[in-house]
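The structure appears right after this line, and notes come after that.
The values are calculated or read from the model by the stated rules, or taken from the named source; none is laboratory data. Just so it is clear, the structure is predicted and the values come from calculations on it, not from any experiment. All Cβ positions, even for glycine, are placed from backbone atoms using ideal geometry, and neighbour counts span all protein chains on display. For the accessible areas, the whole protein counts, side chains as well, though only heavy atoms, and no ligand, DNA or RNA atoms are used. Shrake-Rupley method; radii C 1.70, N 1.55, O 1.52, S 1.80 Å.
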Amino acid sequence: MKIGIFGGTFNPPHLGHLAAARAAIDALELDRLYLVPAAIPPHKELPEGTPAPEHRLAMTAKLAGALLLPNVAEVSPMELERPGKSYTADTLEQLHKQIPGAELWLLIGRDMFLTLDQWYHAADVMAQAGICAFGRSVEDSQEDFAPYLEFLEESFPDAQVEIIDVPGLVDISSTRLRELLAKGEGAEYLHLSVYGYILMNRLYGTHADLKHLDIPELRACSYSMVLEKRVRHIRGTEEEAVRLARRWGADETMARRAGILHDCTKYLELEEQLELCEKYGVELDELEHQAVKLLHSKTGACIAKHVFGEPEEVYQAIFWHTTAKADMTTLEKILYVADYMEPNRTFEGVERLRELAYRDLDAALLLGVETTIQEMKDRRRPVHTNTLQAQTWLKEHGVTVER
Ligand code: ATP
């Protein structure tokens, strides 16, 4: 098992880290990569205003998620959990104990690489792991590594060193980024979900008014609340909702914002969902008390309204996007249908739903509702009363789906 270890303060983790991590996974053909935020870095002081360790851990986890390799790239809290200075020699020793026989590779940017001989127990570090070094800016050419590489080979003849290229290298440091963030800039150097996390937690001197976010900021916040794998679907729903709004004369901005936020509480546990319902006074029936899948639309609506200041129309659209109900507004229908058939959906029959959605929105809604009812029946699961009421209402109002 070939394991990469990418340590840093990750204060905050940025796109430079992401590009380097991706390049190392590919170049070394790693089976796993641990991103390891340092508790107390041996080589530099954590600046004043550094967020709490759990924030750095959460942001680094989001960066690991951004690689979309859930079984390969993950954050490790091992240094944050270990008391005292975060020496790499100790981290490597701990990993060798935890995963006997693993081949370890330490990922380091050029600045840190050039100090390697001075690290705590440097010889030990190089005995325990191969060194994978890379440039941090376009000026860091392969030749720039040569003199130090030569010196290392003489001083530590057994060291194994690989210098790799980082495609799409991003010339930024966390220090510079902190300065930019404090001025309300720098978003372009952050993965969106990390940026959203920073905004939502008001880190690094940011002070976004969550109730008046523009679209990119709203996306960032929404994405920061979900797993990376859901982002494609959310983006697809946003775009589909806007197209449908254009087609059916609904408010495009509201459709967009509803699409962006519709799944923001998707990954909360049942307990957390129930707490939010209690907090915002959402009454639940018996089925909803047990079915976590039914709750995210209600809690998502509450977050949209109470945290992000969305209007009642957006609240209602998100609230009903899973079960549907009788007598829906155009915006509610649009979000329901967009969520069902956005471009990333692939189930059998989706093409028909797509075609119908632009020809007869009510028929598309009925088709979606009936598809859900059938699916629940097939799985011997109860159908929510609101879904059955949606079906009845549509049929009573003359809506049909040609079979
Ligand atoms: P700071 O500015 O606070 O010193 P940093 O941007 O150097 O932070 P760290 O978390 O300390 O970030 O760095 C962790 C590792 O990532 C180091 O090995 C560093 O060389 C490397 N690294 C940092 N920025 C980049 C970048 N833009 N491209 C490639 N590697 C980078």
Of the residues Glu283, Glu313, Glu278, which is open to solvent by 60 Å² or more (accessible area, probe 1.4 Å) and within 21 Å of Glu217 (Cα to Cα)?
-> Glu313
Members of the stretch 295-310 that are on the phi < 0 side of the Ramachandran plot and open to solvent by 30 Å² or more (accessible area, probe 1.4 Å) = Lys305, His306, Val307
Please find, among Glu342, Glu355, Glu402, Glu351, the residue that is within 22 Å of Arg247 (Cα to Cα), of a type outside the set (A, V, I, L, M, F, W, C) and within 28 Å of the chain's Cα centre (by Cα).
-> Glu342
Restricting attention to the stretch 26-39, does a residue exist that is within 22 Å of Ser137 (Cβ to Cβ) and over 22 Å from the mean Cα position of the chain (by Cα)?
-> yes
Output the residues belonging to the stretch 205-222 that are open to solvent by less than 30 Å² (accessible area, probe 1.4 Å) and closer than 21 Å to Ala19 by Cβ.
-> Ala220
By residue number, the members of the stretch 120-140 that are more than 12 Å from the ligand (Cβ to nearest atom) and not acidic (Asp, Glu) are Tyr120, His121, Ala122, Ala123, Val125, Met126, Ala127, Gln128, Ala129, Gly130
Counting only helices (runs of 4 or more DSSP H) wholly inside the stretch 185-288, the ones holding at least 1 residues that are more than 15 Å from the chain's Cα centre (by Cα) and under 16 Å from Thr299 (Cα atoms) are 252-261, 270-279
Is one or more of the residues making up the stretch 294-304 within 19 Å of the chain's Cα centre (by Cα) and free of Cβ contacts under 8 Å to residues at least 24 places away in the same chain?
-> no
With respect to Arg359, is the statement that it is closer than 20 Å to Ala338 by Cβ and assigned by TED's automatic domain parsing to the domain that holds Ala250 true?
-> yes
Residues satisfying the stated conditions in the stretch 142-175, i.e. part of a helix (DSSP H, G or I) and touching a Phe, Trp or Tyr at 6+ places or on another chain (Cβ under 8 Å) = Phe145, Tyr148, Ser174
Mind telling me which of the residues Ala291, Ala304, Ala317 ends up being more than 20 Å from Leu210 (Cβ to Cβ) and either assigned by TED's automatic domain parsing to the domain that holds Met376 or modelled with pLDDT of 95 or more (or both)?
-> Ala291
Check the stretch 186-201 and report whether any residue there is under 14 Å from Leu116 (Cβ atoms), within 16 Å of the ligand (Cβ to nearest atom) and in contact with a helix residue (DSSP H, G or I) (Cβ under 7 Å, 6 or more places away or on another chain).
-> no
What about Phe319, is it of a type in the set (A, V, I, L, M, F, W, C) and open to solvent by less than 20 Å² (accessible area, probe 1.4 Å)?
-> no
